[in-house]
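Take a look at the structure set out below.
We did not get these values from a lab; they are worked out from the coordinates using the rules stated. Computed from a predicted structure; not experimentally measured. Here Cβ is always computed from backbone atoms with ideal geometry, including for glycine, and neighbour counts include all displayed protein chains.
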Amino acid sequence: MTPSAAVVPPLSIEGLHFGWGQGRNALHNCRLQIPGPGLWMLVGSNGSGKSTLLRLIAGLLTPAEGRITCQGRPALVFQNPDHQLLLPSCGSDLQLGLPEGLDDGERAERVASALAQVGLPGLQQRPIHSLSGGQKQRLAIAGALASAATLLLLDEPTALLDPDSQRDVLELIHRLCHRSTSPLTALWITHRLEELERCDGAARMEGGAIGPWQSGESLRRSLAPLPAGGPER
């Protein structure tokens, strides 16, 4: 029998260090490995380094030491979608992140497919200002899909949404990470412990370091309710 090929981790981080200057260390010897596609969640108090970690993985910051290995393209989805939706219409905004080398037909097809995957079919001409908060967050996720990202980095994506939109966005990401063809990998930061019920693994981040993966249910039982999210370094 031919042995099956080893699964290459979508994300591997070794010995990561990052500081903001004046002795303020955000990450200290941070290590993380995501074993395969799925929805993986990080929980931690404000200032624990979670948002900094996502920005390092996305390439928006440069570590002082350590190694980040991504198999595929990462894409960051912010807590507030207004911070990353830049153009007037849904279609024009998605055009910004498309890979180079596509012809007009391929670009139009990529945009239409991304909108359909997040439940916004046919809204290419829709003005972004007319969307609800939940629709804007789904559009931001569509931008990641249109860019051909395979690793979604989600920084408290439901923090500013109403309960129905929170559930919709969580179920959307869960579905994308468990589809039968080309499932995605998502690293999701949350303060909402009830969201841990939908993850494939969860870990606690404190003091710039990450604990071991465990089930969402196990981590939730071990934690008291965390303070609501907000701006964090």
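Is it possible to state the helix-based mean residue ellipticity at 222 nm for the chain, with each DSSP H run of 4+ residues giving -39500 (n - 2.57), the sum divided by total residues, to the nearest 500 deg cm²/dmol? What is it? One gets -8000 deg cm²/dmol as the mean residue ellipticity at 222 nm. Dipole of the chain computed with +1 at Lys/Arg Cβ and -1 at Asp/Glu Cβ about the Cα centre; of Gly208, Ile57, Ser147, farthest Cα towards the positive end is Gly208.
In the stretch 89-147, Cα pairs under 8 Å separated by at least six residues give a relative contact order of 48 percent. Full extension of the chain between Glu194 and Ser180 gives 2.5 nm of extra length, using 0.36 nm per residue less the Cα-Cα distance. What is the set of long-range amide H partners of Gly47 at a cut-off below 5 Å, with H atoms built 1.01 Å from backbone N? For Gly47, the qualifying residues are Arg233. Modelled label positions at Gln71 and Asp104, each set 7 Å beyond Cα in the direction of Cβ, lie 3.9 nm from each other. Distance from the alpha carbon centroid of the stretch 16-65 to that of the stretch 145-199 works out to 19 angstrom. Looking at the chain alone, DSSP beta bridges between its own residues are antiparallel in about 45 percent of cases. Placing +1 on each Lys and Arg Cβ and -1 on each Asp and Glu Cβ, with no other charges, gives the stretch 89-147 a dipole about its Cα centre of roughly 360 debye. Shown for the stretch 146-208 is the translational diffusion coefficient from the Stokes-Einstein equation, using the Kirkwood radius over Cα pairs, a temperature of 20 °C and a viscosity of 1.002 mPa s: 169 µm²/s.
For the pair Val7 and Asp164, label points projected 7 Å from Cα toward Cβ lie 3.6 nm apart. Put simply, the amide H of Gln79, placed in the peptide plane, has neighbours under 5 Å in Asp155, leaving out anything fewer than 5 places away on its chain. In this rough spin-label picture, where each label sits 7 Å from Cα along the Cβ direction, the Ala64-Glu217 distance is 4.1 nm. With θ taken as phi - 60° and the Karplus curve 6.51 cos²θ - 1.76 cosθ + 1.60 applied, the whole-hertz 3J(HN,Hα) list for the stretch 162-169 is 6, x, 5, 5, 4, 5, 4, 5 Hz, x standing for glycine and proline. Phi angles of the stretch 195-200 translate, via the Karplus equation with coefficients 6.51, -1.76, 1.60 and θ = phi - 60°, into HN-Hα couplings of 5, 4, 4, 9, 8, 8 Hz per residue; Gly and Pro are given as x. Residues in the stretch 40-66 near a label at Glu14, defined as backbone nitrogen under 12 Å from the 7 Å Cα→Cβ point? Only 66 fall inside the zone, counting backbone N under 12 Å.
The HN-Hα couplings worked out from phi for the stretch 98-114 by the Karplus form 6.51 cos²θ - 1.76 cosθ + 1.60 (θ = phi - 60°) are 5, x, 6, x, 8, 7, 4, x, 5, 5, 5, 5, 5, 5, 4, 5, 5 Hz, whole numbers, x standing for Gly and Pro. What's log10 of I(q)/I(0) for the chain at q = 0.10, 0.18 Å⁻¹, Debye sum over Cα points only, no solvent? Normalising to I(0) and taking log10 leaves -0.46, -1.40.
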